[in-house]
Amino acid sequence: GTTRERTLRETIMNYRHAFHAGNFADVIKHIVLVRILTYLQEKPAAFRVIDTHAGAGVYDLGGEEAARGGEWLTGIARLMQSRFSDPVGALVAPYLDIVRAFNPQRGLLCYPGSPLIARALLRPQDRLVACELEPVARKQLIDALRRDVQANVVDLDGWTALSAFVPPKERRGLVLIDPPFEHKDEFERLAGGFAAAFAKWPSGCYMLWYPAKRRRATDDLARGVGAAVGGRADKCLRLEFSVAPQTPDGPLTAAGLLIVNPPWTLKAELKLILPELEKPLGHGGAARFRLEAVGG
Ligand code: SAM
């Protein structure tokens, strides 16, 4: 078949985000997402969010896949029960409020994915484009966004969309690149895809998510992204977090984010937020966070 058919087949066979929805990595990714979008809201000019690997949009935490994984129990469930200092409480409130809005009843029954979280923060002038290749997830996402004129779900390969959709006509906004990392070459694709998009739209904000299992791969990615942005340390933040020692066959316990053109307030915000996530997200006090600027 065509490359697209092959990608589709591999995607369907291998990846279901429902297993991981609301886990530690989702929580941190989505807190950062919300901080960036909250910053973009400070100016009245319209922004656009481009979510290249969007997922199903809403995850049923009682559903078979989420229940079997149970990863949300040590992620969003812990966070909802945590007490934060006043400044950190204020910084994470917009995120927790969105999660609560999806759970009007008592307890936690569902978890919103990145496109629904982004949608919750769009003002009337803002837009969202979400790519999802897997038909079942895409159908769920379309249903979740029900005839929303501000949000567009597209049946397009996220890597193709990445270069096709930048720069957006608003010339302000965020690109979230959150691939499933099921293919061996996903790190290279991420570095290459980002570099091409950044060349077309150097003023955009970008968030790249990656699993932190192999140090070589993650350092190469950070170096590649640092070089693509011209080696300027203020252009890229690298956040890595580990919640437990990694075991060979266990679930992922460490992940990272590269944030290009971060809001100038983000680093200081994360320095406040991250220490207060160590206890709720760490397994037995084993959480570690690393936040640094990436040079060339
Ligand atoms: N960004 C989502 C969130 O934070 O809630 C999670 C996304 S999940 C890690 C990755 C998604 O990418 C999966 O739903 C998968 O079906 C989809 N996918 C895989 N390959 C794709 C491709 N080439 N283009 C677009 N979507 C793809």
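Accessible area per residue (1.4 Å probe, heavy atoms of protein chains only) ranks Cys110, Cys236 as Cys110, Cys236, with the largest value leading.
Is the C-alpha gyration tensor of segment 180-296 telling us rounded, prolate or oblate? Criteria: a/c under 1.5 is rounded; beyond that, a/b larger than b/c is prolate, otherwise oblate. The shape class here is oblate.
Each residue of segment 20-33 is assigned a 3J(HN,Hα), and the resulting list reads 9, 3, x, 6, 4, 6, 5, 4, 5, 4, 6, 5, 5, 3 Hz, derived from the Karplus form 6.51 cos²θ - 1.76 cosθ + 1.60 (θ = phi - 60°), x at Gly and Pro.
As a quick test, which of the pairs Lys139/Lys213; Lys29/Lys271; Lys43/Lys267; Lys235/Lys271; Lys184/Lys271 have an alpha carbon distance above 25 angstrom in this structure? Before the final figure, lay out each step's value.
On the way: Lys139/Lys213 32 Å; Lys29/Lys271 15 Å; Lys43/Lys267 20 Å; Lys235/Lys271 17 Å; Lys184/Lys271 33 Å.
Flagged as over cut-off: Lys139/Lys213; Lys184/Lys271.
Restriction of the trypsin sites (Lys or Arg not before Pro) in segment 77-182 to DSSP coil positions whose beta-carbon has at most 12 other beta-carbons within 10 angstrom yields Arg83, Arg106, Arg146, Arg147, Lys169. Overall form of the chain: rounded. Here a/c, set by the Cα gyration tensor axes a ≥ b ≥ c, is under 1.5.
Relative contact order, percent, of the chain when contacts are C-alpha pairs under 8 Å separated by at least 6 residues?
Details: 523 pairs, mean separation 61.0, N = 296.
Relative contact order for the chain comes out at 21 percent.
Using just its DSSP H runs of length 4 or more, each adding -39500 (n - 2.57), the chain gives a mean residue ellipticity at 222 nm of -13000 deg cm²/dmol after division by all residues. Residues in segment 177-213, backbone N under 20 Å from the label point at His283 (7 Å along the Cα-to-beta-carbon vector): list them, ranges by number please. Counting backbone N atoms under 20 Å from the label point, the list is 210-213. Placing Thr253, Thr247, Thr74 in order of accessible area, with the largest value first and a 1.4 Å probe, yields Thr247, Thr74, Thr253.
Here's how it looks for Val153: its modeled amide H is under 5 Å from those of Ala130, which are all 5 or more places away or on a different chain.
His53 exposes around 40 Å² of accessible area when a 1.4 Å probe is run over every protein chain in place. Annotation for segment 68-119 versus segment 128-200: alpha-carbon center distance of 24 Å.
Under the simplified labelling scheme, the Ala196-Gln246 pair shows an inter-label distance of 2.7 nm, with each label point 7 Å from Cα along Cα→Cβ.
Solvent-accessible area of the chain (1.4 angstrom probe, protein heavy atoms only): carbon and sulfur portion equals 54 percent.
For the chain, a crude dipole built from +1 on the beta carbon of Lys and Arg and -1 on the beta carbon of Asp and Glu, taken about the Cα centre, is about 580 debye to the nearest 20.
Which of rounded, prolate, oblate describes segment 65-195, given a ≥ b ≥ c as roots of the alpha-carbon gyration tensor eigenvalues and a/c under 1.5 marking rounded, otherwise prolate only if a/b is larger than b/c? The partial results should precede the final answer.
Details: a/c = 1.60, a/b = 1.41, b/c = 1.14.
Judged from the Cα gyration tensor, segment 65-195 comes out prolate (a/c at least 1.5, a/b above b/c).
For segment 137-149, putting each phi into the Karplus relation 6.51 cos²θ - 1.76 cosθ + 1.60 with θ = phi - 60° gives couplings of 4, 5, 4, 5, 5, 4, 5, 5, 9, 3, 6, 7, 6 Hz, in residue order, rounded to whole numbers and with x for Gly and Pro.
Counting only protein chain heavy atoms and rolling a 1.4 Å probe, the accessible areas of Asp86, Asp219, Asp97 rank, largest first, as Asp86, Asp97, Asp219. In order along segment 251-259, the Karplus-derived 3J(HN,Hα) couplings, from 6.51 cos²θ - 1.76 cosθ + 1.60 at θ = phi - 60°, round to x, 4, 10, 9, 8, x, 9, 10, 10 Hz, and Gly and Pro are given as x. Each residue was assigned an accessible area with a 1.4 Å probe, and for Ser85 the value is about 40 Å². Annotation: per residue accessible area for the chain equals 46 Å², rounded to a whole number [probe 1.4 Å, protein chains only].
The values are calculated or read from the model by the stated rules, or taken from the named source; none is laboratory data. As the structure is a computational prediction, the values presented were derived from the model and not from experiment. As a convention, Cβ positions derive from the backbone with ideal geometry for all residues, glycine included, and neighbour counts pool all protein chains shown. All accessible areas refer to the heavy atoms of the entire protein, side chains included, with ligands and DNA or RNA removed. Shrake-Rupley method; radii C 1.70, N 1.55, O 1.52, S 1.80 Å.
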